[in-house]
1. Within segment 212-226, track down each residue that is modelled with pLDDT of 50 or more, under 18 Å from the mean Cα position of the chain (by Cα) and open to solvent by 40 Å² or more (accessible area, probe 1.4 Å).
2. Need the failing condition index for Glu37 against (1) surrounded by fewer than 20 Cβ atoms within 10 Å (Cβ to Cβ); (2) in contact (Cβ under 8 Å) with a residue 24 or more places away in the chain; (3) in a loop (DSSP other than H, G, I, E, B), just the number.
3. Given the residues Val130, Val153, Val117, which is the only one that is out of contact with any Gly (no Cβ under 9 Å at 6 or more places or on another chain) and under 26 Å from Ala19 (Cβ atoms)?
4. Taking segment 1-27, which residues are touching a Pro at 6+ places or on another chain (Cβ under 9 Å) and free of Cβ contacts under 8 Å to residues at least 40 places away in the same chain?
5. Restricting attention to segment 107-124, does a residue exist that is among the aromatic types (Phe, Trp, Tyr), open to solvent by 70 Å² or more (accessible area, probe 1.4 Å) and in contact (Cβ under 8 Å) with a residue 12 or more places away in the chain?
Amino acid sequence: MYIVTRVHPNVIATKNGPAVTMCGARGPQPIHLRQGEMDGACGPYCVLMALMALRAVRRGWVTNSPATAPRAVKATLRLTSRWYFCGTNVRDLAQLVQPLHRSVTASISKASHAALVPFILDNLAEERLVVVGINNGAHRLKHWTLVVGVAGVQKRDNFNPQHFLLLDPSADPISLLQWNSTLAVTAARPRSRARLWRERNGKSTPVTLQHALAIGRRDKRSKDHE
C-alpha cells in the first residue's frame, strides 16, 4: 500500500509552479492565472488554465499578445470579458470553449455533492481537466476551481482516491508542485455533503460541490493549437 498522485500528463512542476512544454517555446510555460480579489472571474480563469494545460492556447496569447492569437482563440478571449465582475454559471463556461470546438471537447455535469464525484474521476482518467464549483453559504463562497489530478492510496490493483488536486486561481502557485490546494473526495462526516477544501495557506473550509465542466483535447494528442 502506498500513496499515489495522478496529475494530467501535460502538467509539469517547475520553480514557477505548474507549467507545460510547447513546441517552439524556449522553456516550460506557466499555466497558473492569478485572479483579482474583485473581478469575479474565477470561472474564466479556470477555463483558460485548462486550455493552456491542454496546449490548445498559448500563455502569451492570454497575457501579452492577444492580437497574435488565432481567430478561434481571440473569440474565446473576447467572451471572457462578458463575465468580469458578475460571475459565471457552468453553461457560461461551456460557451468559452465553444469557439475552440475543433481542438477541444467540453461536457457539462449539473450534478451536485457526491453525484458529481464519478464525473470528475471518470474525466480525469480520460486525461481531461475539470472545472468544478465549490460553495459555502456561511462564508458566502461561490467559487470555481480547476481539478488537475487526484491523490489516493494504491493497494495492489485497487486505487482509493482521497483528494482532488486543484489549481486554484484565487491563490498563488506553489513552486515545484502542479497544484496549490486540495479537495477531499469524500464528505467530512457521515450524512454530511460538505468536503474539506484545504487552501495553500493550510486553511480548511467545508464546501459542497455543484456543477462541473470537463475539458479535453478532441484529438487526444498533446500537440499545439494550429
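1. So the first thing to find is which residues in segment 212-226 are modelled with pLDDT of 50 or more, and the list is 212-220.
Among the residues that remain, those that are also under 18 Å from the mean Cα position of the chain (by Cα) are: 212-218, 220.
Those that are modelled with pLDDT of 50 or more, under 18 Å from the mean Cα position of the chain (by Cα) and open to solvent by 40 Å² or more (accessible area, probe 1.4 Å): Arg218, Lys220.
2. Among (1) surrounded by fewer than 20 Cβ atoms within 10 Å (Cβ to Cβ); (2) in contact (Cβ under 8 Å) with a residue 24 or more places away in the chain; (3) in a loop (DSSP other than H, G, I, E, B), Glu37 violates only (2).
3. Working: Val153 fails: under 26 Å from Ala19 (Cβ atoms); Val117 fails: under 26 Å from Ala19 (Cβ atoms).
Only one candidate passes the filter, namely Val130.
4. Pass one, segment 1-27, residues touching a Pro at 6+ places or on another chain (Cβ under 9 Å): 6-7, 11-12, 14, 16-22.
Matches in segment 1-27: Ala19, Val20, Thr21.
5. In the first step, residues of segment 107-124 are kept if they are among the aromatic types (Phe, Trp, Tyr); the result is 119.
From what's left, open to solvent by 70 Å² or more (accessible area, probe 1.4 Å): none.
No, segment 107-124 contains no residue that is among the aromatic types (Phe, Trp, Tyr), open to solvent by 70 Å² or more (accessible area, probe 1.4 Å) and in contact (Cβ under 8 Å) with a residue 12 or more places away in the chain.
The values are calculated or read from the model by the stated rules, or taken from the named source; none is laboratory data. The model shown is predicted, which means the values in this text are computed figures rather than measured ones. Cβ coordinates were reconstructed from backbone atoms using ideal geometry, including for glycine residues, and neighbour counts include every protein chain displayed. Remember, those area values only see protein heavy atoms, side chains included, never the ligands or the DNA or RNA. Shrake-Rupley method; radii C 1.70, N 1.55, O 1.52, S 1.80 Å.
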